[in-house]
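Worksheet: the structure to be examined is printed underneath.
Only the coordinates and a few stated rules stand behind these numbers; no lab work does. Fair warning: this is a prediction, and the values are worked out from it, not measured in the lab. Here Cβ is always computed from backbone atoms with ideal geometry, including for glycine, and neighbour counts include all displayed protein chains.
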Amino acid sequence: MDRKLPPAILKNLETKYKLNDPLIVQYCDYLKAYLERFGTFLKYEDRTVNSIIADGAPVSFQLGIKSVLLSLLLGIPAGVISALKHGKWQDRILSLVTVAGIAIPGFIVASLLMIVLALKLNLLPTAMWGGWKYQVMPILALSLGPMAVITRLTRTSMLDVLGQDYIKLAYAKGLSDYTVLWKHALPNSLIPVVTYYRSFDCRHSNR
């Protein structure tokens, strides 16, 4: 059964939130409040959204930077190894891991990490923020997806580059495998990785 608010309470609410003003005035007030601050958080009425964002932004920034670095540090070498061991068991295992990393959502990975590392093995804390132990699971959960994509991109690009004529020419000149791989093949193989992160940043900056 629907219950209507008493007229006095309804009038007070309309006055408090300025619902009686013309729509253009309400819209201008909204834009002004939006530019000045995001407003009061509904759950914590004594705090503004800006203050809550300011408290969490440094932590989010740390986790974001560290997850990007981890995904690059692990994804690029894994992609190179997968390309060099093309068709072998190393390539199959890395391909299986990357498919799982792309397919499984981050929140599922985070839940599994909490169950295994925190609840079962009691190695890491499940919440709060402090030393490095509090950062391990969030960084792993955030970096697994990008790391899998970087591995696949590096592998595909490396296989394509290794088949190019200038790589064959470098080997014909007698250059060592190390020189050909790290000075000629790898730099050109990282172009898709750079493009991936540029498009990733653009998508998030446009949100």
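Using 0.36 nm times the number of residues separating ILE53 and TYR196, minus their current alpha carbon distance, what extension gain do you get?
Contour length minus Cα-Cα distance gives 48.7 nm.
Calculated FRET efficiency, LYS120 and THR179, Cβ-Cβ r, R0 45 Å, to nearest 0.05?
Values: r = 47 Å, r/R0 = 1.04.
The calculated FRET efficiency here is 0.45.
Do any of LYS85/LYS133; LYS66/LYS88; LYS66/LYS168; LYS85/LYS183; LYS88/LYS183 go past 28 Å between their Cα atoms, and which?
LYS85/LYS133; LYS66/LYS88; LYS66/LYS168
Which FRET efficiency value, to the nearest 0.05, is calculated for ALA33 and SER60 with the Förster distance at 35 angstrom and r the Cβ-Cβ distance?
Once the sixth-power term is evaluated, E becomes 0.90.
Treating cross-link reach as a plain straight distance, find the lysines whose alpha-carbon is under 29 Å from the alpha-carbon of LYS32, omitting any fewer than eight places away in the same chain.
Excluding near neighbours in sequence, the set is LYS11, LYS16, LYS18, LYS43.
With just the Cα atoms of region 70-205, tell me how far they stretch along each of the three principal axes, in Å, largest first.
57, 37, 27
Count the net charge of all other residues whose Cβ sits under 14 Å from the Cβ of HIS184, scoring Lys and Arg as +1 and Asp and Glu as -1. Walk me through the intermediate numbers first.
Values: positive: LYS168, LYS173, LYS183; negative: ASP160, ASP165, ASP177.
Counting the neighbours of HIS184, the net charge comes to 0.
Short version: ³J(HN,Hα) in whole Hz for each residue of region 95-110, in order, from phi by Karplus 6.51 cos²θ - 1.76 cosθ + 1.60 (θ = phi - 60°), x for Gly and Pro, what are they?
For region 95-110, the Karplus-derived couplings read 5, 5, 5, 5, 4, 5, x, 6, 7, 7, x, x, 5, 5, 4, 4 Hz, x marking Gly and Pro.
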